Amino acid sequence: MKTLMLSVTFLAVLALVATAAILTTSFMLPVNDTLFLGGDTVAYAGVVHVVTKVVPPDPIVPPNPIVPVDVHINLAGVSGVGTSGIMYEFVGSANVHAMATTDGHPTEVLAGGFRAVPHSNASPVDPCQVRVTFSLDATGSVSGVSAQLLEDVT
C-alpha cells in the first residue's frame with residue numbers, strides 16, 4: 001500500500017512538472033542612440049538579439065505570480081562613430097536570469113561584459129552594458145521588449 005501511494009504521489013508531481021510549458025521567444029530589436037565612452041560621445045545603430053525563456057507555473061495563480069525568466073542578449077552588427085571621428089564595433093553576449101511578474105509591469109535586466117572596440121589602435125576598448133526591458137502577461141508571454149546600450153559605470 002505504501003509503495004502504491006508513493007507511486008501515485010510521484011506521478012502526480014511528474015504530471016504537474018510536465019504541464020508547465022516553456023515559452024521561448026526571439027526578438028531582433030533595432031537600436032539607434034548615443035552613449036558616452038571615455039570622453040567620446042558615440043552615435044550607434046544596429047540590432048540587439050534578445051531571446052527569452054519563460055517557465056510559467058501551471059496554473060498561474062493570481063495575484064501577480066513571480067516567474068523565472070532566462071534572458072540571452074547578443075549584439076548583431078551594432079556599430080557607431082564618436083564625435084572624435086573614431087569608429088566603434090560593439091560586441092558581446094550575455095545570459096541573465098531574472099524574476100518577473102505576470103501583471104504586465106516592466107521588468108528590467110542589466111547585462112555587462114559587452115565591449116566597444118575602436119577601429120583605431122590608439123583608442124582603448126571600452127566596456128559597456130545592455131539594458132533590456134520586457135513585460136509578461138497573465139499567460140507568461142513576453143511583450144514590450146526594448147534594449148539600450150549604456151556606458152559601463154562599474
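Quick notes on this structure:
- Filtered by the rule that a residue be within 21 Å of CYS128 (Cα to Cα) and in contact (Cβ under 8 Å) with a residue 60 or more places away in the chain, the stretch 64-74 gives VAL71, ILE73.
- Looking only at the stretch 1-60, and only at residues there that are among the acidic types (Asp, Glu) and under 30 Å from HIS119 (Cα atoms), the one that is modelled with the lowest pLDDT: ASP40
- In the stretch 132-146, residue nearest to the chain's Cα centre (by Cα) [restricted to those that are of a type in the set (A, V, I, L, M) and in a strand (DSSP E or B)]: VAL132
- The lone criterion from (1) touching a residue at least 60 places away in the same chain (Cβ under 8 Å); (2) at positive phi left unmet by LEU136 is number (2).
- First in the stretch 85-97 and in contact (Cβ under 8 Å) with a residue 60 or more places away in the chain, second anywhere and among the charged types (D, E, K, R), Cβ under 9 Å, 6 or more apart: none
- Restricting the first member to the stretch 99-117 and to residues that are of a type in the set (Phe, Trp, Tyr) and modelled with pLDDT of 90 or more, and the second to residues that are crowded, with 19+ Cβ neighbours inside 10 Å and not in a loop (DSSP other than H, G, I, E, B), the beta-carbon pairs closer than 7 Å and six or more apart or on different chains are PHE114/LEU75; PHE114/PHE90; PHE114/CYS128; PHE114/GLN129; PHE114/VAL130.
To keep it simple, each residue is scored yes or no on (1) assigned to a strand (DSSP E or B); (2) more than 16 Å from the chain's Cα centre (by Cα); (3) buried (at least 19 other Cβ atoms within 10 Å of the Cβ).
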site: THR34; (1), (2), (3): yes, yes, no
site: ALA43; (1), (2), (3): yes, yes, no
site: ASP70; (1), (2), (3): yes, no, no
site: ILE73; (1), (2), (3): yes, no, yes
site: GLY85; (1), (2), (3): no, yes, no
site: MET99; (1), (2), (3): yes, no, no
site: ASP103; (1), (2), (3): no, yes, no
site: ALA116; (1), (2), (3): yes, yes, yes
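- Residue list for the stretch 118-138, filter: surrounded by 19 or more Cβ atoms within 10 Å (Cβ to Cβ), under 27 Å from ALA98 (Cβ atoms) and not polar (S, T, N, Q): ASP126, CYS128, VAL130, VAL132, PHE134, LEU136
- Number of positions in the stretch 105-114 that are of a type in the set (A, V, I, L, M, F, W, C) and outside any strand (DSSP E or B): 0
- Scanning the stretch 118-131 for residues that are part of a strand (DSSP E or B) and in contact (Cβ under 8 Å) with a residue 40 or more places away in the chain yields ASP126, CYS128, VAL130.
The values are calculated or read from the model by the stated rules, or taken from the named source; none is laboratory data. This structure is a prediction, so every number in the text was calculated from the model and none was measured. As a convention, Cβ positions derive from the backbone with ideal geometry for all residues, glycine included, and neighbour counts pool all protein chains shown.
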